[in-house]
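Undergrad: This is the structure I want to talk about, given as structure tokens.
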Amino acid sequence: MNQHHHHPAGAELTRNQSLVYSALCDASGPLSAYTILNKLREDGLRAPLQVYRALEKLVETGLVHRLESLNSFVACRHPGCASHASMAFTICEKCGSVAEVADEQLSGHLEGLALAARFSLARSIVELRGICGRCRVEPEQQPA
């Protein structure tokens, strides 16, 4: 599942940023800042502020996305998305899986809504919550 894209040339990461980014890339799903901190304690990250500063820079560069509704973070799985002002994520309420989806029409529509409201859109993240295809088709496990 390690389908992350590499950071652009010139965007050198600090040691803490690299550690946090690697932890997110290796994760099977979104992680909270405190989960990241716990995973990286042996690597010398001991203070929440160290993790939050690294996450802030990683989000700013587009390598990591923050999922507001889950208060967690995911490594970008969509190469080139840093150039998009709008991103969307599907979040399964049953298994917790998160997938990044890209759609130029959605981006254009959101930009149009912002423009019509005389609003200068910097970035938008849309979170779609529901049940993923895998959970929808798998029969419920019945106890024997």
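Throughout, read-outs are computed from the coordinates displayed, never taken from laboratory work. Keep in mind that this is a model prediction, so the values were computed, not measured. Methodologically, a virtual Cβ is constructed for each residue, glycine included, from the backbone with ideal geometry; neighbour enumeration extends over all protein chains shown.
Undergrad: Please report, to one decimal in angstroms, the Kirkwood hydrodynamic radius of the stretch 19-100 built from all distinct Cα-Cα pairs.
TA: Working: mean 1/r = 0.0766 Å⁻¹.
Hydrodynamic radius (Kirkwood, Cα pairs) of the stretch 19-100 is 13.1 Å.
Undergrad: Just to be sure I understand the model, the point goes 7 Å from the Cα along the line to the Cβ. What's the resulting Arg66 to Ile131 distance in nm?
TA: Between Arg66 and Ile131, the simple spin-label model gives 3.2 nm.
Undergrad: Name the long-range amide H neighbours of Ser124: under 5 Å, sequence gap of 5 or more, or other chain; modelled H, no Pro or chain starts.
TA: Residues meeting the criterion, in which the H sits 1.01 Å from N, are Ser86, Met87.
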